[in-house]
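The values are calculated or read from the model by the stated rules, or taken from the named source; none is laboratory data. Everything numeric in this text was worked out from a predicted model, so none of it was measured. So basically every Cβ, Gly included, is an ideal-geometry build from the backbone, and we count neighbours across all protein chains shown.
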Amino acid sequence: KNQVEQSPQSLIILEGKNCTLQCNYTVSPFSNLRWYKQDTGRGPVSLTIMTFSENTKSNGRYTATLDADTKQSSLHITASQLSDSASYICVVTASGGSYIPTFGRGTSLIVHP
Amino acid sequence: DSGVTQTPKHLITATGQRVTLRCSPRSGDLSVYWYQQSLDQGLQFLIQYYNGEERAKGNILERFSAQQFPDLHSELNLSSLELGDSALYFCASSVGVITYEQYFGPGTRLTVT
């Protein structure tokens, strides 16, 4: 069964600090991995999309890495801001006919001043 | 603002009833996706349409159906509603399929009483 596990479940950091969120998956065959940011009650916003051949991708202060061999990804946030407080969701899509995405439960990040 | 519109924003209805959720994709996007987000299940992929045709089907119940019309807007029909169907329903759109960025709408909050 395809699964996506994210850790930690929640994280509290001080403004200006860096943090790293983890995503482990068992989805196979692999098509792509996405990270989304979701503010409470709003639709997710795409941060990065990575295919099998990509092992790192940046979007401003967000940098995602992918290790397709170990089936792990991380999202690193640099110099956190109060506006980074949100849920971060990892989504892995399987290939092979129908491209079905599997969602992680997300990491809830709170940035304190 | 992602450019994806969803109506209505809120919907309160009783068990056993039928409702229709509407989504208008971003201008130029051919692909529409429907997702359900509940507290206990997280985000789940329901179904995808591309240029009017069903492209991929996820965990969509038989009581639920969707379609994409020639003008590319989409509707999600939910029937014989149960308390457990209470959730946020998101629509997303993208230019193409697979690795294209998806833009999410603001969602429709459905409450079944």
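What do you reckon, is B:Ser2 in contact with an Asp or Glu (Cβ under 9 Å, 6 or more places away or on another chain), under 26 Å from A:Ser46 (Cα atoms), within 11 Å of chain A (Cβ to nearest Cβ) and of a type outside the set (A, V, I, L, M, F, W, C)?
Numbers: in contact with an Asp or Glu (Cβ under 9 Å, 6 or more places away or on another chain): no; under 26 Å from A:Ser46 (Cα atoms): yes; within 11 Å of chain A (Cβ to nearest Cβ): yes; of a type outside the set (A, V, I, L, M, F, W, C): yes.
So B:Ser2 does not fit the description; no.
Scanning segment A:1-41 for residues that are of a type in the set (A, V, I, L, M) and either under 23 Å from B:Phe104 (Cα atoms) or surrounded by 20 or more Cβ atoms within 10 Å (Cβ to Cβ) (or both) turns up A:Val4, A:Leu21, A:Val27, A:Leu33. Residues in segment A:42-80 that are surrounded by 13 or more Cβ atoms within 10 Å (Cβ to Cβ), more than 15 Å from the chain's Cα centre (by Cα) and not small (Gly, Ala, Ser): A:Arg42, A:Phe52. Only strands (runs of 3 or more DSSP E) whose full extent lies in segment A:1-105 are considered here, and the ones with at least 1 residues that are farther than 29 Å from B:Lys57 by Cβ, more than 13 Å from every other protein chain (Cβ to nearest Cβ) and among the hydroxyl-bearing types (Ser, Thr, Tyr) are A:4-7, A:10-14, A:19-25, A:56-59, A:62-67, A:72-77.
Do any residues in segment B:85-113 that are surrounded by fewer than 21 Cβ atoms within 10 Å (Cβ to Cβ) have Cβ atoms under 6 Å from those of residues that are in a loop (DSSP other than H, G, I, E, B) and of a type in the set (Val, Ile, Thr), where the two are at least six apart or on different chains, and which pairs are they? Matching pairs, first to second residue: B:Val112/B:Thr15. Just one of the listed residues (B:Ser93, B:Ser2, B:Ser65) is assigned to a strand (DSSP E or B) and in contact with a Pro (Cβ under 9 Å, 6 or more places away or on another chain), namely B:Ser93. Within segment A:76-99, being free of Cβ contacts under 8 Å to residues at least 60 places away in the same chain and of a type in the set (Ser, Thr, Tyr) holds for A:Ser83, A:Ser85, A:Ser87, A:Ser98.
If you go through segment B:8-32 and keep only what is part of a strand (DSSP E or B) and either surrounded by fewer than 17 Cβ atoms within 10 Å (Cβ to Cβ) or out of contact with any Gly (no Cβ under 9 Å at 6 or more places or on another chain) (or both), you end up with B:His10, B:Leu11, B:Ile12, B:Thr13, B:Val19, B:Thr20, B:Leu21, B:Arg22, B:Val32. Here segment B:33-51 is the region considered, the condition is being surrounded by 13 or more Cβ atoms within 10 Å (Cβ to Cβ) and part of a loop (DSSP other than H, G, I, E, B), and the residue that is modelled with the lowest pLDDT is B:Gln41.
Which one of these is touching an Asp or Glu at 6+ places or on another chain (Cβ under 9 Å), within 11 Å of another protein chain (Cβ to nearest Cβ) and closer than 18 Å to B:Gly84 by Cα: B:Gln48, B:Gln41, B:Gln36? Only one candidate qualifies: B:Gln36.
The set of residues from segment B:30-82 being among the polar types (S, T, N, Q) and farther than 21 Å from B:Ile12 by Cβ comprises B:Ser31, B:Gln44, B:Gln48, B:Asn51, B:Asn59, B:Ser65, B:Gln67, B:Gln68, B:Ser74.
Whether a residue is touching a Gly at 6+ places or on another chain (Cβ under 8 Å) and away from chain A (no Cβ under 14 Å) was assessed, and B:Leu72 passes this test.
Entry remark, segment B:42-78: residues being over 14 Å from the mean Cα position of the chain (by Cα) and among the small types (Gly, Ala, Ser) number 2 in total. Residue selection: A:Thr102 satisfies the criterion of being in contact (Cβ under 8 Å) with a residue 60 or more places away in the chain and either charged (D, E, K, R) or surrounded by 19 or more Cβ atoms within 10 Å (Cβ to Cβ) (or both).
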